[in-house]
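Here is the structure we will look at.
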Amino acid sequence: MTSTRVSRHIKASRQAVYKALLDPKAIAQWKVPEGMSSVVHEFDAREGGRFRVSLTYEAPHASGKTTAHTDTYHGYFASLIPNEKVVEVTEFETDDPSMQGEMRITIVLKDTDGGTGLLAIHDGVPAGVRPVDNEEGWRMSLDKLAGLLENDGARGKESPHA
């Protein structure tokens, strides 16, 4: 098991970023790397609340952790500090021992010049996931989050679904 850390500056308020971290419609748009689509099956955005999400590869040759082309993960919100921190405990739904195990994702938000600094810390990345791949997936997703919020900010909205 390993850990990764990815940071991103987002030109939006901490409140808007925090809201997008807990909005299932926004999650389906941003929390998915390039080349994949997302389905949010369950999402209860409260401390102790559960979630379940599937990410499906668009390329026919890509292989998933749960089924031939899909990675499904589930978990719960371990801690929610409004506009400051989200801690999720997740695990892949898989029979592959190299992909099993509980992961802890901590997202910390800080005010920065002209927006929000976001730090995503992913502890317990399974042995079957290369850290560089995990970091790349997070960078892609956080770029989507920034695009979603910054585009809405240009239209004067506070969140993806204001």
* To do: Could you run through the stretch 141-162 and say how many residues are modelled with pLDDT of 95 or more and buried (at least 16 other Cβ atoms within 10 Å of the Cβ)?
  => 7
* Structure fact -> Looking across the stretch 1-51 at residues that are over 12 Å from the mean Cα position of the chain (by Cα) and among the acidic types (Asp, Glu), the single one that is farthest from ARG104 (Cα to Cα) is GLU34
* Those residues that are acidic (Asp, Glu) and in contact with a helix residue (DSSP H, G or I) (Cβ under 8 Å, 6 or more places away or on another chain), I need them from the stretch 70-125; list them, please. => GLU84, ASP111
* Which residues, counting only those in the stretch 78-114, are surrounded by fewer than 16 Cβ atoms within 10 Å (Cβ to Cβ), over 16 Å from the mean Cα position of the chain (by Cα) and free of Cβ contacts under 8 Å to residues at least 40 places away in the same chain? -> ILE81, ASP95, ASP96, PRO97, SER98, GLN100, ASP113
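Going through the stretch 22-55 one residue at a time, which ones are charged (D, E, K, R) and outside any helix (DSSP H, G or I)? Steps first, please.
Of the stretch 22-55, the ones charged (D, E, K, R) are 23, 25, 31, 34, 42, 44, 46-47, 50, 52.
Scanning the stretch 22-55 gives ASP23, LYS31, GLU34, GLU42, ASP44, ARG46, GLU47, ARG50, ARG52.
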* Asked: Within the stretch 5-30, which residues are charged (D, E, K, R) and closer than 13 Å to GLY147 by Cβ?
  -> ARG8, LYS11
* To do: Just name the residue that is nearest to ALA12 (Cα to Cα) out of those in the stretch 125-149 that are among the basic types (Lys, Arg) and assigned to a helix (DSSP H, G or I).
  => LYS144
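Can LEU109 be described as aliphatic (A, V, I, L, M) and at pLDDT 95 or above?
Working: aliphatic (A, V, I, L, M): yes; at pLDDT 95 or above: yes.
So LEU109 passes the test.
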* To do: Answer with yes or no whether SER54 is under 13 Å from the mean Cα position of the chain (by Cα) and buried (at least 18 other Cβ atoms within 10 Å of the Cβ).
  => yes
* Structure fact -> All-but-one check, GLY117 against (1) over 22 Å from PHE43 (Cα atoms); (2) touching a residue at least 12 places away in the same chain (Cβ under 8 Å); (3) part of a loop (DSSP other than H, G, I, E, B), failing number (3)
* Structure fact -> Condition set of a type in the set (D, E, K, R) and closer than 25 Å to GLU42 by Cβ, scope the stretch 1-23, selection surrounded by the fewest Cβ atoms within 10 Å (Cβ to Cβ): answer is ASP23
* Structure fact -> Output for Cβ contacts, cut-off 7 Å, separation at least six or different chains, first residue touching a residue at least 12 places away in the same chain (Cβ under 8 Å) in the stretch 35-48, second among the hydrophobic types (A, V, I, L, M, F, W, C) and part of a loop (DSSP other than H, G, I, E, B), reads GLY35/ALA59; SER38/VAL32; ALA45/LEU22
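The values are calculated or read from the model by the stated rules, or taken from the named source; none is laboratory data. From a predicted model like this one, the values you see are computed outputs, not experimental measurements. Quick reminder, even Gly has a Cβ in these numbers, built from the backbone with ideal geometry, and neighbours come from all protein chains shown.
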